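Down below is the structure, laid out as structure tokens.
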Amino acid sequence: MSLPSVLSVGCALPPHYADQETLLAALRRLWVKQHFNPARVDDLHRAVQVSGRYLALPIEAYDDLDTFQKCNDAWIRVALDLGETAARAAIAKAGLQPADIDHIFFVTVTGIAVPSLDARLVNRLGLRPDVKRTPIFGLGCVAGAAGIARASDYVRAFPSEVALLVSTELCSLTLQRGDLSVANLIASGLFGDGAAAVVIGGGGRPAASGHPRIVATRSVFYPDTERVMGWDMVDTGFQIVLAAGVPQIVHAHIGGDVDSFLAAHGLARPDVTHYIAHTGGPKVLQAFSDALELAPGALQRSWESLEKTGNLSSASVLFVLSDTLEAGAGKPGEYGLLMAMGPGFCSELVLLQW
């Protein structure tokens with residue numbers, strides 16, 4: 001039986017862009033009366049190597065978001081628009097119609113809605129009434145890779161069908177104004193807003209020219225690491241949990257995870273030509289590179305995505321995948337490894353072959 005394949009990727013960014021200095025000035029005004037050392041905020045923002053970010057709302061509109069309800073209402077409105085845009089782009093690139101989609105997976109960690117946004121996208125996109133839906137909340141940064149893995153699992157069982165993965169993350173709407181922890185200060189400089197969608201076809205369907213098949217996937221959970229990354233739910237919404245040791249955990253585990261995964265398929269690191277890594281931040285990307293002993297430039301697209309848009313949580317690795325496909329980087333027979341890590345703490349690995 002033929003393998004599932006990535007038929008297309010669509011991306012969407014909100015129209016409101018602010019360079020890092022503009023964002024930093026706005027946050028400095030917010031925190032200057034509370035923070036004993038505003039220069040510390042400057043240092044943390046510049047260390048993340050992000051030049052600017054796209055925002056769900058005009059920067060001045062954030063002053064009015066003084067309750068969780070207001071933030072989440074904005075999330076529902078904007079996330080639905082962006083998700084629709086990304087999904088329509090992906091479906092069109094795949095040469096399909098919305099009615100061709102058999103299963104929609106929706107991933108996010110920056111807002112909540114019941115019915116979930118995938119249900120609302122059924123109406124917006126004109127999906128069939130018998131479309132299957134799987135909303136996934138809480139996987140955070142790892143959800144882009146995990147979403148591809150779960151969607152490919154589905155079409156392996158139904159090889160004539162097509163799955164649509166939609167990721168929408170509006171990290172700016174989770175900002176906690178009263179939280180002066182280092183974790184929140186870093187998050188305020190690192191995370192941005194965006195959406196991405198991936199169309200995955202079963203092995204019974206023709207693959208898209210120049211796009212990879214999904215050979216295998218692997219999930220790895222690290223026991224007793226629940227407080228490494230995530231949210232605390234507080235009265236004002238989502239409060240960031242972000243341990244300083246994340247890069248060290250990445251460095252300690254990713255090499256062994258990758259080696260074991262590749263070995264199970266008769267491969268080793270030198271067999272992988274393309275590494276598609278989640279843009280977790282400079283220290284995380286460096287940890288990926290060092291632990292896997294990658295050649296200079298192996299993660300260049302991830303570094304460029306981080307600089308241009310910041311960390312888009314689950315959507316980030318899908319943006320890097322899109323850039324890889326748009327560049328026509330994969331040649332027939334070459335292997336790629338898509339990888340991300342996130343709350344759990346855990347990793348998700350996806351082996352691709354062009």
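The values are calculated or read from the model by the stated rules, or taken from the named source; none is laboratory data. Every value quoted in this text rests on a predicted model; they were computed, and no experiment measured them. Backbone-built Cβ (ideal geometry, glycine too); neighbour counts: all protein chains shown.
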In region 96-127, residue surrounded by the fewest Cβ atoms within 10 Å (Cβ to Cβ) [restricted to those that are β-branched (Val, Ile, Thr) and more than 20 Å from the chain's Cα centre (by Cα)]:
Val114
Asp130 passes all but one of the listed conditions (1) surrounded by fewer than 17 Cβ atoms within 10 Å (Cβ to Cβ); (2) of a type outside the set (A, V, I, L, M, F, W, C); (3) modelled with pLDDT under 95; the exception is number (3)
Just a yes or no: is a residue in region 227-248 surrounded by fewer than 15 Cβ atoms within 10 Å (Cβ to Cβ), in a strand (DSSP E or B) and touching a strand residue (DSSP E or B) at 6+ places or on another chain (Cβ under 7 Å)?
yes
Only one of Ala79, Ala47, Ala74 is farther than 14 Å from Cys171 by Cα and in contact (Cβ under 8 Å) with a residue 60 or more places away in the chain; which?
Ala47
Quickly run through region 211-234 and pick out the residues that are β-branched (Val, Ile, Thr) and more than 15 Å from Leu337 (Cβ to Cβ).
Thr225, Val228, Val234
Scanning region 55-65 residue by residue, the ones that are touching a residue at least 60 places away in the same chain (Cβ under 8 Å) and either buried (at least 21 other Cβ atoms within 10 Å of the Cβ) or over 18 Å from Ala195 (Cα atoms) (or both) total 4
Determine whether Gly237 is under 14 Å from Leu337 (Cα atoms) and assigned by TED's automatic domain parsing to the domain that holds Gly281.
no
